[in-house]
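Asks: Dropping a structure here in structure tokens format, bear with me for questions.
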Amino acid sequence: KYDPSVIEIPVPRYFKEDDRIPVDIKFLEKPEKKEKKTKSKKKKKKKKKGADDEEEKKEPPPSLDFKNQLLNELLKAHVGTDEAEEEIVHDPFTLDMDIVQAIRIIQKYDRGRQYRKRVYDMIKLMKRYETSGGAVSALNPHAEDLTEDEACVRFQKLFRGIQDRKKIEEIRHDELVFLGMAPKIKSKDELSNNPIKKAKEIEQSRKETQVERMKDYENAKEEFKDDIRSNEGPDIKERMLKERRDWVSEQIQKKGGAIPTNLEDYYNRNNVEVPLTPEEEEAKAAQEEEDAKKNKKGKKDAPKGGKKGGKKKKGDDGDDGKEDIKMVGPPEEVQKFDEFYLEYNKKWATANETDNFEQNYDAEMVKKEVLPDVELEFKSTVDQIIMMELENIKINQSGYKEKKPKKSKKSKAKKKKPKDPLWLQWPKKIPGLKAIKKYGDVRDLLLELVQNGIAKKFPKQALTDFKGDFNYLHSMMDDLTRAPREPSMALIRQIVTETCIFPLGSQLVKDRAELVKSMLFYGPPGSGKTLVARAVVHETASMLFDLSPLSVDGKYSEKKGEEKMIASVFAVARHFQPAVVYIDECEKVFPKKKKKGKKGGKKKKAEPGAPSRMKKALLAWKKKLPQNDRIFIIGCSSEPNEAVQKDMRAMFDQAIYFPAPDVSTCKSLWKEFIEKNGGRLKQGFPLSTLAHISQGYTAGSILKTCKQVLTEYRLGQLDTRPLMLSEFIGPLSLTHSVSSQDSEDYEKFTDFITKDDKRRKALEAELKGDKDDGDGKKKGGKKGKGKKKK
């Protein structure tokens, strides 16, 4: 049997490497997404109006290389460096000072301690010397009268004991290695010939070769286009003209001399539906009869005038009479994969690549791929020639040229205005849009955000850096009548991958995934919220916009400056998508109102530099975010109860709780952080005991403890003095831990934002036999019962 880690979904590498991979997959089934009915009606009307027009294709966002190059240039020019900005964490147990000042303070107090100890020892010795009557042995009570031979023998015993103990430890370790209970110590040659490093080097060299071959392929496409235009261009034109002329002559014969007015029927000639078999026709007719009967029944059972909404029958979920269709067989996604597999087997699996060791492009395949593009270039000129020939045929038949209808004044008045670029196509009433429409280029907005420290870089973090395993006991311990257990670290990774990374990294997934625009990460400090947010940015190669209170403090403080700032962020994010809008300490953006002593006081507006001024604009822009845009909002909070919880629920579609790690995760974190900081654990080190002691401490506290213990001086003594358990307990006690009160507060917030408390109340009431809707209100009874008469 396999454990759940086997099915953990990895993040594809091409999200941050090859953002120009074409994905030409069209699904027949439309994804089901929860939307309001009013919005769907509006969309249908718009589609009807523009049914005759061709669908306009959106311009693809700028490439990954272009985005990185532009951001690096702006950061170098206006910030001074293009390196990622490190997070500043203020520790209450340390002082902010220079290393020289710290050394002077340590020297001062250590010298004072040494002098006091020396004086105390001297006074103690002098008293002992005086009381012993001047005996020399009183100065050293541990001294023994030994001869030279006895002293040498004692030294030999001690030295041989140390050597024998080391040999016994080596023999014991070799035995454990032989039994497979301990890892073999690697030699210097084995460490230098690390297969993992070699694999990474080979992967990097292959990637560089792939980029070079891709450049050669793109250049070859342009060369083949020029060759086809010059050599085969006239033949292609003649062939295209012949095909259209033959079609025109066929149409004239079929329609009794009527001349076609345009070439739409020519292009749609192959779009003919396959005729149904007699069995399929019978099944279709039977299905139509059943649908007609259901519609008639639905009209009869529809509620008449009176109270709004009428009564709903059992099983009516408000889907307008539509029944849930149960799909039989494999889903369409699996069928697509089968098609790709068959295509690969036909095209590539049987290809003979023995003479193509350098993996260069295939000239014949490039030519076949380029030919349709060249034909499209000739299409407009060929169509113009055919239309002129049709006009000439009409003139020859009728003897005169048809007069063109005069353009009315209304048509002149209805000239279409030039469309705004995509980054300015937002609803008109959205706050801050007028302020950014003055900018002609989106790069000017990006420059302003870089100068204000909002558009920046995060340190690179992979999602696999968020360590932790599945909690295998939760499925056995879960109880529906109680609050759900804390999520394991592996479960958090899986949710972030499916909900955040996949829709950001792939437009195909975004179009078909559940509609989630924002997510809240909450939990104690040091639990990994910022690390996961950095991983989302790095794994998807997204552009980052930091709207944290620390980054926004004192910026855009003019009147309605916060509206302009947020409008600039979302406009630039839409142009340079995928993009992540990051809000750390988001409880300061939605703060609770302070209790006032006097009643009836006037409401104070937020200060010009306060983070709470962004609340209204953020909520408005979040609601208007387009469904298919790859823009994601991530909020982090260590004190979610300090915020207005209703605003937090309105701002974030989903929330993930980051708890303190369990015992197994703590054990793996201690081992990894100690080895990462240069430490070595001897055989028999009580790692399990340390993991149990550190229960309730977060991963950030464990990492901080390892850094404090494993100093450069301490690492130099590892050969003579191995690490001990007692060295970690003192520094660990000075770090942040999660108290029982904190856990209760996080549990209450989880109940509110997930509405799990109402579910539990309704379940308990149902088990007791009472009908309760979860708010403590019992259902049933006669109408009007308990109401007072007026």
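The values are calculated or read from the model by the stated rules, or taken from the named source; none is laboratory data. All values reported here derive from a predicted model rather than from experimental measurement. When we count neighbours, we look across all protein chains shown, and the Cβ atoms used for this are built from the backbone with ideal geometry, even at glycine. Only protein heavy atoms, including side chains, enter the accessible area calculation; ligands, DNA and RNA are left aside. Shrake-Rupley method; radii C 1.70, N 1.55, O 1.52, S 1.80 Å.
Asks: Which residues, taken from the range 352-399, are surrounded by fewer than 11 Cβ atoms within 10 Å (Cβ to Cβ) and assigned to a loop (DSSP other than H, G, I, E, B)?
Replies: Of everything in the range 352-399, those that are surrounded by fewer than 11 Cβ atoms within 10 Å (Cβ to Cβ) and assigned to a loop (DSSP other than H, G, I, E, B) turn out to be Asn352, Glu353, Thr354, Asp355, Phe357, Glu358, Gln359, Gly399.
Asks: Further question on the same structure: Does any residue of the range 669-683 turn out to be surrounded by fewer than 20 Cβ atoms within 10 Å (Cβ to Cβ), among the small types (Gly, Ala, Ser) and not in a loop (DSSP other than H, G, I, E, B)?
Replies: no
Asks: If you go through the range 689-696 one residue at a time, do you hit one that is at pLDDT 90 or above, among the β-branched types (Val, Ile, Thr), in contact with a Ser or Thr (Cβ under 7 Å, 6 or more places away or on another chain) and surrounded by 10 or more Cβ atoms within 10 Å (Cβ to Cβ)?
Replies: no
Asks: Here's something else I'd like to know. Of all residues in the range 192-230, how many are open to solvent by 80 Å² or more (accessible area, probe 1.4 Å) and not in a helix (DSSP H, G or I)?
Replies: Residues that pass the stated criteria total 1.
Asks: Still on this model: Within the range 732-746, which residues are more than 17 Å from His692 (Cβ to Cβ), open to solvent by less than 70 Å² (accessible area, probe 1.4 Å) and not acidic (Asp, Glu)?
Replies: Ser739, Ser743, Tyr746
Asks: Go through the range 519-533 and report how many residues are within 9 Å of the chain's Cα centre (by Cα) and not β-branched (Val, Ile, Thr).
Replies: So the first thing to find is which residues in the range 519-533 are within 9 Å of the chain's Cα centre (by Cα), and the list is 532-533.
From what's left, not β-branched (Val, Ile, Thr): 533.
Matching residues across the range 519-533 total 1.
Asks: Which residue pairs have Cβ atoms closer than 6 Å, lie 6 or more positions apart in sequence or on different chains, and pair a first residue in the range 370-391 that is under 16 Å from Glu264 (Cα atoms) with a second residue that is in a helix (DSSP H, G or I) and open to solvent by less than 60 Å² (accessible area, probe 1.4 Å)?
Replies: As it stands, the answer is Val382/Met240; Val382/Leu241; Ile386/Arg244, since those pairs meet every condition given.
Asks: While we're looking at this one, here's another question. Only one of Lys667, Lys682 is under 33 Å from the mean Cα position of the chain (by Cα) and over 30 Å from Phe752 (Cβ atoms); which?
Replies: Details: Lys682 fails: under 33 Å from the mean Cα position of the chain (by Cα).
Only one candidate passes the filter, namely Lys667.
Asks: Given the condition without any contact (Cβ under 8 Å) to a residue 12 or more places away in the chain and outside any helix (DSSP H, G or I), answer yes or no: does some residue in the range 688-710 qualify? Before the answer, list the steps.
Replies: Just the residues of the range 688-710 that are without any contact (Cβ under 8 Å) to a residue 12 or more places away in the chain, to begin with: none.
No: the range 688-710 contains no residue that is without any contact (Cβ under 8 Å) to a residue 12 or more places away in the chain and outside any helix (DSSP H, G or I).
Asks: Let me ask you something else. From Glu73, Glu130, Glu86, which residue is outside any loop (DSSP other than H, G, I, E, B), closer than 30 Å to Phe545 by Cβ and either open to solvent by 90 Å² or more (accessible area, probe 1.4 Å) or at pLDDT 80 or above (or both)? If you could, list the steps in order and put the result at the bottom.
Replies: Numbers: Glu130 fails: closer than 30 Å to Phe545 by Cβ; Glu86 fails: outside any loop (DSSP other than H, G, I, E, B).
Sole residue among the options that is outside any loop (DSSP other than H, G, I, E, B), closer than 30 Å to Phe545 by Cβ and either open to solvent by 90 Å² or more (accessible area, probe 1.4 Å) or at pLDDT 80 or above (or both): Glu73.
Asks: Still on this structure, please answer the following. Within the range 528-563, can you find the residues that are open to solvent by 40 Å² or more (accessible area, probe 1.4 Å) and part of a helix (DSSP H, G or I)? Spell out how you get there, then give the answer.
Replies: Residues of the range 528-563 that are open to solvent by 40 Å² or more (accessible area, probe 1.4 Å), as a first pass: 531, 538, 550, 553-555, 557-560, 563.
Of everything in the range 528-563, those that are open to solvent by 40 Å² or more (accessible area, probe 1.4 Å) and part of a helix (DSSP H, G or I) turn out to be Leu531, His538, Leu550, Glu563.
Asks: Can I ask one more? Checking Ala143 against (1) of a type in the set (A, V, I, L, M); (2) at pLDDT 80 or above; (3) open to solvent by less than 90 Å² (accessible area, probe 1.4 Å): exactly one of these is not met. Which one?
Replies: (2)
Results for (1) within 16 Å of Tyr746 (Cα to Cα); (2) of a type in the set (Lys, Arg); (3) open to solvent by 40 Å² or more (accessible area, probe 1.4 Å); (4) touching a residue at least 24 places away in the same chain (Cβ under 8 Å), shown as yes or no for each residue.
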position	(1), (2), (3), (4)
Arg630	no, yes, no, yes
Gln645	yes, no, yes, yes
Pro661	yes, no, no, yes
Thr665	no, no, no, yes
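Asks: Go through the range 343-360 and count every residue that is more than 38 Å from the chain's Cα centre (by Cα) and in contact (Cβ under 8 Å) with a residue 40 or more places away in the chain.
Replies: 0
This table checks each residue for (1) assigned to a loop (DSSP other than H, G, I, E, B); (2) among the hydroxyl-bearing types (Ser, Thr, Tyr); (3) modelled with pLDDT under 85.
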{"residue": "Asp742", "(1), (2), (3)": "no, no, no"}
{"residue": "Glu747", "(1), (2), (3)": "no, no, no"}
{"residue": "Thr750", "(1), (2), (3)": "no, yes, no"}
{"residue": "Lys782", "(1), (2), (3)": "yes, no, yes"}
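Asks: Does Asn677 satisfy the criteria of being under 19 Å from the mean Cα position of the chain (by Cα) and of a type outside the set (Ser, Thr, Tyr)?
Replies: When the stated conditions are applied, Asn677 does not pass them.
Asks: Right, another one. What about Lys157, is it in a helix (DSSP H, G or I), at pLDDT 90 or above, within 30 Å of Phe685 (Cβ to Cβ) and more than 59 Å from the chain's Cα centre (by Cα)? Write out each step before concluding.
Replies: Numbers: in a helix (DSSP H, G or I): yes; at pLDDT 90 or above: yes; within 30 Å of Phe685 (Cβ to Cβ): yes; more than 59 Å from the chain's Cα centre (by Cα): yes.
Yes, satisfied.
Asks: While we're on this one: Say whether the condition of being assigned to a helix (DSSP H, G or I), at pLDDT below 90, open to solvent by 10 Å² or more (accessible area, probe 1.4 Å) and hydroxyl-bearing (Ser, Thr, Tyr) is met by at least one residue in the range 711-725.
Replies: Looking for residues that are assigned to a helix (DSSP H, G or I), at pLDDT below 90, open to solvent by 10 Å² or more (accessible area, probe 1.4 Å) and hydroxyl-bearing (Ser, Thr, Tyr), one finds at least one in the range 711-725, hence yes.
Asks: Looking at Asp444, Asp469, which one is modelled with pLDDT under 90, in a loop (DSSP other than H, G, I, E, B) and over 27 Å from Glu764 (Cα atoms)? Please lay out each step first, then the result.
Replies: On the way: Asp444 fails: in a loop (DSSP other than H, G, I, E, B).
Checking each option against the conditions leaves just Asp469.
Asks: Taking Asp189 as meeting all but one of (1) without any contact (Cβ under 8 Å) to a residue 60 or more places away in the chain; (2) surrounded by 11 or more Cβ atoms within 10 Å (Cβ to Cβ); (3) not aromatic (Phe, Trp, Tyr), write down the number of the exception.
Replies: (2)
Asks: Scanning the range 500-526 for residues that are basic (Lys, Arg) and touching a helix residue (DSSP H, G or I) at 6+ places or on another chain (Cβ under 8 Å), which turns out modelled with the highest pLDDT? Reasoning before the result, please.
Replies: Step one: list which residues in the range 500-526 are basic (Lys, Arg), which gives 510, 512, 517.
Then keep just the ones that are touching a helix residue (DSSP H, G or I) at 6+ places or on another chain (Cβ under 8 Å); that gives 510, 517.
On the way: Lys510: 85, Lys517: 90.
Result: Lys517.
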